Amino acid sequence: MDKRQDTALRAIKAISFDLDDTLWECYPAIERADQALMAFLHERCDVMKTQLTRESFYDLRASFIRRHPHLLGDVSLLRRGLLVELLQACDDHHTLAEEAYAFFYHARSQVDLYPDALPVLTALKEGYALAALTNGNADLGIIGIDHLFAEAHFATLDCPAKPEPDMFHRTCDALGIAPNELMHVGDNPETDVMGARNAGAVTVWINRTGMDWPDALEPADADITTLDELPAIVRQWGAYV
């Protein structure tokens, strides 16, 4: 439902999308990738066969994050560092860590798109430049949707994670548009909606799970429960260009 209070339309020229839990459900993909990674490590290093369990892996990950909290801003660096530490007892552990990361990265990108994602992205691409903005690191090429996006930005130590404005502003700069000509769609009230609003963009909250909006936050410009509702929202903010 459109939450706008004003009647003046902004001419939307581009639409950016969060990825995890907006275009696909994140947790099952990560869980499958972690399980596949552990099987890979059991196969490649005898020490891992006896020492690496699901519980020990998650305990080490939690400990690593506590000791290196800044790496939460770059999940690829975090995962690489975690693997180097995990595999210290294995032969040539740095090389194995890179191979393990490559294996995990490919597995992590085996996602199941929500049924509404591909049709809506394909339709909107006909009239708008699309961008992918994520604090994660899924590979759009492996997923098979990279051709739909004119821009893709991932959180790194040089490009701070949402809700910081960097990704939104880099997208606008690359596309040659003003921030208020960008519409951002995402599932997270803070990182997506507040981040996009503070960057000057139009905000759409996709609420697939029926959660309540946080009382402390100003509502999004519009909210939807599926991407099928998005084209109508886009049309309310300006005609196709």
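Got a sec? Which helices (runs of 4 or more DSSP H) wholly within the range 43-162 have at least 2 residues that are among the polar types (S, T, N, Q) and modelled with pLDDT under 95?
Correct list: 46-51.
What do you reckon, is PRO219 touching a residue at least 40 places away in the same chain (Cβ under 8 Å), more than 14 Å from the chain's Cα centre (by Cα), in a loop (DSSP other than H, G, I, E, B) and over 18 Å from ARG235 (Cα atoms)?
yes
State all residues of the range 182-241 that are within 20 Å of THR171 (Cα to Cα) and surrounded by fewer than 18 Cβ atoms within 10 Å (Cβ to Cβ); if no residue qualifies, say none.
Within the range 182-241, GLU190, ASN198, GLY200, GLY238, TYR240, VAL241 meet the criteria.
Just one of (1) of a type in the set (D, E, K, R); (2) crowded, with 22+ Cβ neighbours inside 10 Å; (3) over 14 Å from the mean Cα position of the chain (by Cα) trips up LYS162, so point out which.
Answer for LYS162: the failing condition is (3).
The values are calculated or read from the model by the stated rules, or taken from the named source; none is laboratory data. Keep in mind the model is a prediction, meaning the values are calculated, not measured. Ideal geometry is used to build each Cβ from the backbone, glycine not excepted, and the neighbour counts take in all protein chains shown.
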